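One structure below.
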Amino acid sequence: FRVYTRYAMRNKLPREVHIRFTKKTIKTQILQATRDKTLKYKEKEITTLKQIPRRIRDIRREYSFLTKELLKRGINYRWLIPEGLLFTWQEQRHRIDTFDKA
């Protein structure tokens, strides 16, 4: 189905198309193929993005105070799956995988 978001309207982008696959193998094949080269349809480039499940987004929302602080200090971080952050500070890697550590 098609979704016309505010971001797309503001930046004059085409509409987003959300797809739900019946088989995980097909989804994996398409995501791997688009990682190497972009898909094109009628001479237009198609951008594919992997959707993050709602339960993981809700878990990550608890870490928002920490991510804001890391961004403010200019520290790059990476999300761990399903929960947590990995970042380098003072030449040491820090892994925060529970809310109590944060």
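When you count, for each residue, the other Cβ atoms within 10 Å and take the mean per peptide, how do 76-86, 44-54 rank with the highest first? All intermediate terms of the calculation are to be shown ahead of the outcome.
Working: 76-86: 13.5, 44-54: 9.8.
Result, highest mean first: 76-86, 44-54.
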>> If you average the C-alpha positions of the stretch 27-65 and of the stretch 79-101 separately, how far apart do those two centres end up, in angstrom?
In response: 22
> Which one is right for this structure if mean projected area of the Cα convex hull in nm² is calculated from it: (i) 6.7; (ii) 6.4; (iii) 9.5?
Replying inline: (iii)
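What area, in nm² and to one decimal, does the C-alpha convex hull of the stretch 6-46 cast on average over all directions? Numbers along the way, then the final one.
Working: hull surface 15.5 nm².
The directionally averaged projection comes out at 3.9 nm².
Tell me, in nm to one decimal, what length is gained between R78 and S64 on full extension, where the rule is 0.36 nm per residue of separation less the Cα-Cα distance?
Numbers: separation 14, 0.36 × 14 = 5.04 nm, distance 1.30 nm.
Value of the extension gain: 3.7 nm.
If r is the Cβ-Cβ distance from R95 to Q51 and R0 is 30 Å, what FRET efficiency results, to the nearest 0.05?
With a Förster radius of 30 Å, E is 0.75.
No value in this document is a laboratory result; all are computed from the given coordinates. Owing to the predicted nature of the structure, the values given are computational and were not obtained by experimental measurement. Ideal geometry is used to build each Cβ from the backbone, glycine not excepted, and the neighbour counts take in all protein chains shown.
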